[in-house]
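Input: a single structure, listed below in structure tokens.
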Amino acid sequence: MISLSGLNDKQREAAETVEGPVLILAGAGSGKTRTITYRIAHMVDNLGIKGDSLLGVSFTNKAAKEMRERVQTLLGAKKSRGIALLTFHSLGVRILKKEITKLGYQENFSIYDQSDQIGIIREALRLYHAEKKYDQKDILSKISFLKNAGIYELDYADSIHFNQDDPFDHATEYTYRYYQEKLKFFNAIDFDDILFLTLKLFRQNPDVAKAYSEKFKFIMVDEYQDTNTLQFELISHLTSTHNNLCVVGDDDQSIYAFRGADVSNILNFEKSFPEAKVIKLEENYRSVSSILDLANNVIKENKKRRDKTLWSQKRSSHIPLLWAMGDTDHEAEVIVEDIVSHQGNGGHLGDIAILYRSNTQAPPIEDQLRLSQVPYQIIGGQKFYDKKEVKDLMSYLFVILNPSDQMALRRILNIPNRGIGNATLEKYLKKSDEEKISLFSVLEKFPLIDSARSSSIKTFVELITKYRAKFATGTLSENISTLIEEIDYLNFIDKQYDNAKQVERRRNDVMQFIESANRFANYYKENANLKNFVERLLLQDSQDKDKLEEDEDGDVRKNEVTLMTLHSSKGLEFKKVYMVGIEEETLPHKKTITQGEDISEERRLCYVGITRAQETLVMTYCKQRKIYGKDAPRSRSRFLNDLANKNLFIEQDRTTFGHLTKEEAEDFKKSFFSNLLDTLDE
């Protein structure tokens, strides 16, 4: 028999409520996974329900795997056999493998990846004579949205999502029809089709839907607040012969509307499933009470939400902090200085997370971490120095400093395009082997090996030689800016990408790289030369490679700071959390404000960030922030303005300490603490 004595009263009530529709409102850190795994074990071991009649669905393979492992630990391998604990998509694949012939496909279908999909989209746009006019990924994204809304290709033109006056929608409508025809011709489906076609199967074959509903007599859905229209309808089909549906979720953590998640599914659960029982898990096992007090007060300003209040038995003297910063660089400096102090006092870097609304906020923090030699990882995003455009510019600097760096040289030889292709390169590489000299020396001494490209070769060699001299005298960031301008790199970016948003992001990465050189110069002063800058980049790259080798043991909480967006942080927890940029037009996001949209999801995002912190929470806002290379005035977020007089956080103006040299800062600290001790003595 499985004992439920280790659960709290509400968790136990949820585990013992088996019949009929049940909504378990599980607040952040309230032990929902423990509750639902004990519920499954109780049903099988205590109530004798057959394992193969149970279905549990979640959104990620990680969550499904964790549930399977916990259930197996509770029940053992034999009793847990047959229990289906899957992701939505794993369930869809299982069903389609048995039933897809009813939709006119063959059993041995393929699942296309993005490159396969883009190939068909490109072909469709070419036939539509709009290959250059629209970005293929934008079209594919719109098709994905339509599938997740349950809209067939032949119904799109008559749906509310089709704008008769929008040429993009007309191009999408043509492409969608062509795309689906091609997929079926190739006996292939895409990732979205896994659920889209499963729903189509159920709609067109009610007997099939009924059979699966009779097979799975007890159904559980994790993270129910993240379900979309299509998933809701699938669940409705699977429960068509019974009402034994248990959903677990938290409307206050619904932050994926951009993926199609519909928070109304959880808000209106009782309307969809009458006689539903609602059980609230409000005791939080993650955070100290002061952090929860702040979180509760932030989220209760949302009008459309389920009433619940998180509480904790954990007490602490810590009160969340709000640091007012001077600007973006100052923000990074103060945060990293605090992290270095934490590390110096024996603290573990793996206990720390830095959370931000947008990936564009990360580069200044990355720079400061690198300058201070603090190891870090980025979750759900790409490290700044791993981005293509940044690596291009780094390669130029590597070659200028060391022309013998063949890998860097080969990367930039035809960037931007100089007409130097692989055939030309092979000729010079062969000569390099014959003469036993570097590739750059061959380019310099034998430009006429390929007479058709000799002019381009000479111009490139002269460019590198010229900047070797310039970097020996001029300032680092100015020379980088001049180099970018001389090779017309921004124009190269414009030609590389059709999508305006992509172009803006890539251009911003270039501006951030120049800012990075500026930060390096401010940090190292007279030692801020090209050699030291490049050595710092190479040293960090080497450390990153070493970490990749060390990380193969699967250690989840390595001794490095974690950087991620607020969206990526959901489900995670850290002892100390820095929430960066809690200011108007960052959180809530500018787009939400200017377009007059409901900011409730932005507030939920703030709530999710706050509830990641177990022991210490530090929030920051800047009085001015650099946005795409330009300084813009900022102010504290309305989410905190609403609470300014409730003593839920302590605001500290850190601008007093801004932009001091290390020596000045040390002198200030010594003087400050000396005066403080004198005062205490008195």
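The values are calculated or read from the model by the stated rules, or taken from the named source; none is laboratory data. Keep in mind that what you see is a predicted model, and the values were worked out from it rather than measured. Ideal geometry is used to build each Cβ from the backbone, glycine not excepted, and the neighbour counts take in all protein chains shown. Remember, those area values only see protein heavy atoms, side chains included, never the ligands or the DNA or RNA. Shrake-Rupley method; radii C 1.70, N 1.55, O 1.52, S 1.80 Å.
Assorted remarks:
- Annotation note: Cβ proximity below 6 Å between a residue of segment 624-647 that is free of Cβ contacts under 8 Å to residues at least 24 places away in the same chain and more than 15 Å from W323 (Cβ to Cβ) and a residue that is assigned to a loop (DSSP other than H, G, I, E, B) and open to solvent by 80 Å² or more (accessible area, probe 1.4 Å) (sequence gap 6+ or interchain) occurs for no pair.
- Subset of segment 21-73 (residues that are without any contact (Cβ under 8 Å) to a residue 24 or more places away in the chain and farther than 26 Å from Y607 by Cβ): G48, K65, R68, E69, Q72, T73
- Residue match in segment 478-490 (condition: more than 14 Å from L413 (Cβ to Cβ) and more than 38 Å from the chain's Cα centre (by Cα)): no
- Among the residues here, K308 does not qualify as open to solvent by 30 Å² or more (accessible area, probe 1.4 Å) and within 30 Å of K280 (Cα to Cα).
- Segment 607-641: number of residues that are assigned to a loop (DSSP other than H, G, I, E, B), of a type in the set (D, E, K, R) and at pLDDT 95 or above: 1
- The residues on offer are T424, T482, and the sole one that is surrounded by fewer than 16 Cβ atoms within 10 Å (Cβ to Cβ) and of a type in the set (S, T, N, Q) is T482.
- Scanning segment 1-15 for residues that are closer than 14 Å to H42 by Cβ and either at pLDDT below 95 or open to solvent by less than 90 Å² (accessible area, probe 1.4 Å) (or both) yields M1, I2, S3, L4, S5, G6, L7, Q11, E13, A14, A15.
- When each of E123, E173, E181, E107 is tested for being closer than 28 Å to S240 by Cβ and without any contact (Cβ under 8 Å) to a residue 60 or more places away in the chain, the lone residue that passes is E107.
- Candidates in segment 18-66 are the residues that are part of a helix (DSSP H, G or I) and among the β-branched types (V, I, T); of these, the one that is surrounded by the fewest Cβ atoms within 10 Å (Cβ to Cβ) is T33.
- The number of residues in segment 236-250 that are assigned to a helix (DSSP H, G or I) and without any contact (Cβ under 8 Å) to a residue 60 or more places away in the chain comes to 2.
Here's the yes/no breakdown for (1) within 28 Å of S236 (Cα to Cα); (2) outside any loop (DSSP other than H, G, I, E, B); (3) touching a Pro at 6+ places or on another chain (Cβ under 6 Å):
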| position | (1), (2), (3) |
| --- | --- |
| E69 | yes, yes, no |
| L85 | yes, yes, no |
| G92 | yes, yes, no |
| S115 | no, yes, no |
| E123 | no, yes, no |
| A130 | no, no, no |
| D138 | no, yes, no |
| S141 | yes, yes, no |
| I151 | yes, no, no |
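Quick grid of which residues meet (1) under 35 Å from the mean Cα position of the chain (by Cα); (2) hydroxyl-bearing (S, T, Y); (3) under 27 Å from D9 (Cβ atoms):
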position: V44; (1), (2), (3): no, no, yes
position: G48; (1), (2), (3): no, no, yes
position: L54; (1), (2), (3): yes, no, yes
position: S58; (1), (2), (3): yes, yes, yes
position: A63; (1), (2), (3): yes, no, yes
position: Q72; (1), (2), (3): yes, no, yes
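- Within segment 272-300, restricting attention to residues that are open to solvent by 20 Å² or more (accessible area, probe 1.4 Å) and assigned to a strand (DSSP E or B), the residue that is farthest from V618 (Cα to Cα) is K277.
Condition check ((1) in contact with a strand residue (DSSP E or B) (Cβ under 6 Å, 6 or more places away or on another chain); (2) small (G, A, S)) across all residues:
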| position | (1), (2) |
| --- | --- |
| N302 | no, no |
| S316 | no, yes |
| I319 | yes, no |
| E331 | yes, no |
| H342 | no, no |
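- Listed here are the helices (runs of 4 or more DSSP H) enclosed by segment 154-222 that have at least 2 residues being of a type in the set (F, W, Y): 167-185, 193-204.
- Options D169, D135, D155, D190: the member that is touching an Asp or Glu at 6+ places or on another chain (Cβ under 6 Å) and not polar (S, T, N, Q): D135
- Matching residues, segment 346-370, being open to solvent by 10 Å² or more (accessible area, probe 1.4 Å) and outside any helix (DSSP H, G or I): G346, G347, H348, R357, S358
- Positions within segment 375-386 being in contact with a helix residue (DSSP H, G or I) (Cβ under 6 Å, 6 or more places away or on another chain) and buried (at least 18 other Cβ atoms within 10 Å of the Cβ), in sequence order: Y376, F384
- For segment 312-345, the set of residues classified as in a loop (DSSP other than H, G, I, E, B) and in contact with a Gly (Cβ under 6 Å, 6 or more places away or on another chain) consists of G326 only.
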